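The values are calculated or read from the model by the stated rules, or taken from the named source; none is laboratory data. All values derive from a computational prediction rather than experimental measurement. Here Cβ is always computed from backbone atoms with ideal geometry, including for glycine, and neighbour counts include all displayed protein chains. These accessible areas exclude ligands, DNA and RNA; they are computed on the full protein's heavy atoms, side chains included. Shrake-Rupley method; radii C 1.70, N 1.55, O 1.52, S 1.80 Å.
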Amino acid sequence: MQTYTLTDARNKHGEVFDKAAIEPVLLTKQSRPSHVIISADSYQKLINRLQELEDMQLVQNAETALSQSEMVGTEAFTSALEHLANGAA
């Protein structure tokens, strides 16, 4: 990843944006990372991948909850409701 100071980025903005079209560009302020510039296409790909990973995590969480549930199936659910309706703990 190419690195530019904020001052260099102001002075060489054309070069910075041309480089950012190819790969992320790191901007530094007082020798510390400050910003990263990426193309809109790269940004959209990152967002899409993040959404895919979040969806995968939600599915995994649901599968885990279902596998650990004691109330699997209609009979167990109906029985639990009947116990609750009859005041059983």
| query | Looking at the range 20-43, which of its residues are open to solvent by 90 Å² or more (accessible area, probe 1.4 Å) and not basic (Lys, Arg)? | reply | 22, 30, 31, 33, 35, 41, 43
| If you scan the range 9-19, which residues turn out to be surrounded by 14 or more Cβ atoms within 10 Å (Cβ to Cβ) and touching a residue at least 12 places away in the same chain (Cβ under 8 Å)? | 9, 16, 19
